[in-house]
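Right, one structure below, let's go through it.
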Amino acid sequence: MSMNTIKNKDDYQNFYKMSLDDKDGFWAEVAGNYTWKKPWTSVQTGNFKDLNVKWFDGATLNITENCLDRHLETRGDKTAIIFEPNDPNGEVINFTYKELHARVCQFSNVLKAQGVKKGDRVCFYMSMVPELLIGVLATARIGAIHSVVFGGFSANALAGRIQDCEASIVITNDAGFRGAKTIPLKEITDEALKTCPTIKSVLVSKRVGEEVNMIEGRDHWLTPLLDSASCDCPAEEMGAEDPLFILYTSGSTGKPKGLLHTTAGYMVWAGETYKNVFQVGEDDIFWCTADIGWITGHSYISYGPLLNGSTQVMFEGVPTYPDAGRFWEATEKHKVTHFYTAPTAIRALEAHGTDFVNKHDLSSLKVLGSVGEPINEEAWEWYNKNVGKEKCPIVDTWWQTETGGIMISPLPNVGDFIPSFAEAPLPGVDPIFVDADGKKVEGSPAEGNLCIRTPWPGMARTIWGDHERYKQTYFSTYPGLYFTGDGAKRDDQGRYRITGRVDDVINVSGHRMGTAEVEDALNQHEDIVESAVVGYPHDIKGQGIYAYVIWNPQSSKAQDHKAIHKELNEMVIKMIGPIAKPDKVQVVSGLPKTRSGKIMRRILRKVASGETSNLGDTSTLLNPEVVEEIKSGAL
Ligand code: 7RM
């Protein structure tokens, strides 16, 4: 069987079956699509019990040779990146594969000159500019480990991430453009670095032209260093299981976790999922609107498209700047064929009406994608009708930072494309439902907690510096299984529908957040006695953040709820970033607690979603009287 793209239902069924029946044979053949320095000695070893999973062990390679070098002969002059700047009248910059290769080599040499070695951690805190993508690839080329921190996070959040992985260098911009605003990235970095002794140098890529403070000996402008660096840099020979990157993500408890992805398995997963889910042809133009600060940007900007030799758009801006037509204007301008975005963006644009869409010629589009949260039917229909003109399949791709790449998705030419269904597992993905008691739920239709039964190449291997936490978080709830934290359903034909998180993780505008993390930030305020944060349905963001707070009654502001909300917003912006600001803050005199002292979040969630009649049994509460107060004060 040829390991080329899945083209129809039969291919899908054959591939899927083979991937589970003859796992090693299947992946050995798939891996043949890539360039290796040394072959593997085993395709896959290890299991979820011992949590020692390895793929292609013994092999050596460099992922950037697969993204760049191997295309030079056949696609050297093909455009790899079309950079669409924040300002629609700004300069579009194209990079061919040859140019991108040269830029990456230069950047690699700059990193080396700064003393960065194999295994060192390189932190990026940048806006969506080409230097970010080039820097990420340069890091991988010399065998260092990238940790990209989304440019919307605060100094405190950046510092925590730098400290956790003990990065030695951070690369930032003077400032970043984001719609009508600029973000003072260097200033925020300076603030963060007050508590980051491991950082030896800071490279600053000029973008906005903002005046910034440069510390002698520590801070360097990037451009002059790049300009004088050689365009030649041999790729480090990496072991298959050598670390490639760390990416921090939120969970139900504790600080964000630094998930570690390794080289060969991640490469094969990013490359093959991109190929099969999007089916991008040689002359097509792919555009993923995510930020490289999230996993979607890693797998479907930095790696997947380049591994497949595609041409892609990289966008610096936001969907509503200068107006709600920006995505469609750029789609027309660059003749985008494959467009991948988040439901929250679709809903936000839908609210501005169809004129912004209909003004533009979208006839180039062939495939649309959705990622990050469940897509509601209405948004799906709007996307399908107004953007896809009912002729483009919508691939609703379910996956996670932990999974490295897409796990469940309809495929073009294969799927049934039913609104809000992710439909079918990709080859190599072995999903299973488990009920609350840990019993496996077989057959269809069915519903349960979504788990994965066997290792797949793209899975994270550990949490940086805390393997025990990795085991605890994902593999202990249902021993022997990877637990995703999501609930799901299967219809009578076995098609999957992801219903959302079943833990204390909320998804706000496609940004994953732990409610505990937001509570920790709120609790930093001196007048907060206690807080509880829950998600509630929000028309545009998917979920909004609802905070119940007990405010110090002695404080002068105790009656001024508006002022309290404002102060708490500032605290959250400081501790995490603007994406975690509570949408609603309800001041309460107590929180409903069980006799063992646990907050009954079920009640808080119901009240926050406007459901006040059917709260279930509250008799076991320590303080049932507080429920009435909370109900009557609901926002
Ligand atoms: C890629 C990404 C992961 C969480 C995941 C889900 C939710 C993502 C979908 C989805 C329904 C989808 N990584 N999620 N995609 N829910 N349908 N197509 O988003 O680590 O940031 O978030 O996002 O709850 O567990 S992530």
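The values are calculated or read from the model by the stated rules, or taken from the named source; none is laboratory data. The structure displayed is predicted, hence computed values, not measured ones. Positions of Cβ are generated from backbone atoms using ideal geometry, with glycine treated the same way; all protein chains shown enter the neighbour counts.
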* Exactly one of (1) over 17 Å from Y34 (Cα atoms); (2) out of contact with any Phe, Trp or Tyr (no Cβ under 7 Å at 6 or more places or on another chain); (3) modelled with pLDDT of 95 or more is unmet by Y266. Its number? -> (1)
* Six or more apart or on different chains, Cβ under 9 Å: which pairs go from a residue in the stretch 466-478 that's closer than 18 Å to G448 by Cβ to one that's assigned to a helix (DSSP H, G or I)? Could you list them? => Y474/E402
* Asked: Based on what the data block shows, is A488 farther than 25 Å from F150 by Cβ and of a type outside the set (D, E, K, R)?
  -> yes
* Structure fact -> Taking the stretch 488-504 and keeping residues modelled with pLDDT of 95 or more and crowded, with 18+ Cβ neighbours inside 10 Å leaves A488, R490, R495, Y496, R497, I498
* Of all residues in the stretch 185-208 being farther than 19 Å from K117 by Cα and hydroxyl-bearing (S, T, Y), the one that is surrounded by the fewest Cβ atoms within 10 Å (Cβ to Cβ) -> T195
* To do: Return the residue satisfying two criteria in turn: it lies in the stretch 1-54 and is closer than 27 Å to G415 by Cβ and either of a type in the set (S, T, N, Q) or in contact with a Gly (Cβ under 6 Å, 6 or more places away or on another chain) (or both), and of such residues it is surrounded by the most Cβ atoms within 10 Å (Cβ to Cβ).
  => S19
* To do: Please enumerate the residues belonging to the stretch 221-240 that are part of a strand (DSSP E or B) and either touching a helix residue (DSSP H, G or I) at 6+ places or on another chain (Cβ under 9 Å) or closer than 20 Å to I142 by Cα (or both).
  => M238, G239
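This table checks each residue for (1) in contact (Cβ under 8 Å) with a residue 12 or more places away in the chain; (2) not polar (S, T, N, Q).
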site	(1), (2)
G514	yes, yes
E519	yes, yes
I550	yes, yes
S556	no, no
K566	no, yes
V587	yes, yes
K593	yes, yes
* Looking at A324, is it surrounded by fewer than 22 Cβ atoms within 10 Å (Cβ to Cβ), assigned to a loop (DSSP other than H, G, I, E, B), in contact (Cβ under 8 Å) with a residue 24 or more places away in the chain and among the aliphatic types (A, V, I, L, M)? -> yes
* To do: Go through the stretch 56-96 and give me each residue that's more than 30 Å from F327 (Cβ to Cβ) and assigned to a strand (DSSP E or B).
  => F56, D57, T60, L61
* Asked: Within the group L604, L615, which residue is part of a helix (DSSP H, G or I), of a type in the set (A, V, I, L, M) and in contact (Cβ under 8 Å) with a residue 12 or more places away in the chain?
  -> L604
* To do: Report yes if K112 is over 19 Å from the mean Cα position of the chain (by Cα), of a type outside the set (A, V, I, L, M, F, W, C), in a helix (DSSP H, G or I) and farther than 27 Å from G254 by Cα, otherwise no.
  => yes
* Taking the stretch 283-311 on its own, how many of its residues are of a type in the set (S, T, N, Q), under 14 Å from I81 (Cα atoms) and within 18 Å of the chain's Cα centre (by Cα)? -> 2
* To do: Would you point out the residue of the stretch 348-399, among those that are outside any loop (DSSP other than H, G, I, E, B), of a type in the set (S, T, N, Q) and away from the ligand (no atom under 13 Å from the Cβ), that is nearest to V505 (Cα to Cα)?
  => N384
* strands (runs of 3 or more DSSP E) fully within the stretch 435-541 counting 1 or more residues that are within 30 Å of F56 (Cα to Cα) and either among the small types (G, A, S) or more than 15 Å from the ligand (Cβ to nearest atom) (or both) -> 482-490
* Among all residue pairs at least 6 apart or on different chains, which show Cβ distances below 9 Å where the first residue, located in the stretch 489-502, is under 10 Å from L450 (Cβ atoms) and the second is part of a loop (DSSP other than H, G, I, E, B) and among the hydrophobic types (A, V, I, L, M, F, W, C)? -> Y496/F421; Y496/A422; Y496/A424; I498/F421; I498/A422
* Asked: Can you tell me which of E423, E468, E442 is buried (at least 17 other Cβ atoms within 10 Å of the Cβ) and among the acidic types (D, E)?
  -> E423
* Answer yes or no as to whether E329 is modelled with pLDDT of 95 or more, in a helix (DSSP H, G or I) and within 13 Å of the ligand (Cβ to nearest atom). => no
* When you look at V607, is it of a type outside the set (K, R), buried (at least 20 other Cβ atoms within 10 Å of the Cβ), closer than 27 Å to R512 by Cβ and in contact with a His (Cβ under 7 Å, 6 or more places away or on another chain), yes or no? -> no
* Identify, please: which residue in the stretch 335-385 is polar (S, T, N, Q) and touching a strand residue (DSSP E or B) at 6+ places or on another chain (Cβ under 9 Å) and is, among those, surrounded by the fewest Cβ atoms within 10 Å (Cβ to Cβ)? -> S364
* Structure fact -> When every residue in the stretch 7-49 that is part of a loop (DSSP other than H, G, I, E, B) and farther than 30 Å from A235 by Cβ is compared, the one modelled with the lowest pLDDT is K7
* Residue list for the stretch 349-376, filter: modelled with pLDDT of 95 or more and of a type in the set (S, T, N, Q) -> T354, N358, S363, S364, S370
* Quick check, is I579 part of a strand (DSSP E or B), within 16 Å of the ligand (Cβ to nearest atom) and aliphatic (A, V, I, L, M)? -> no
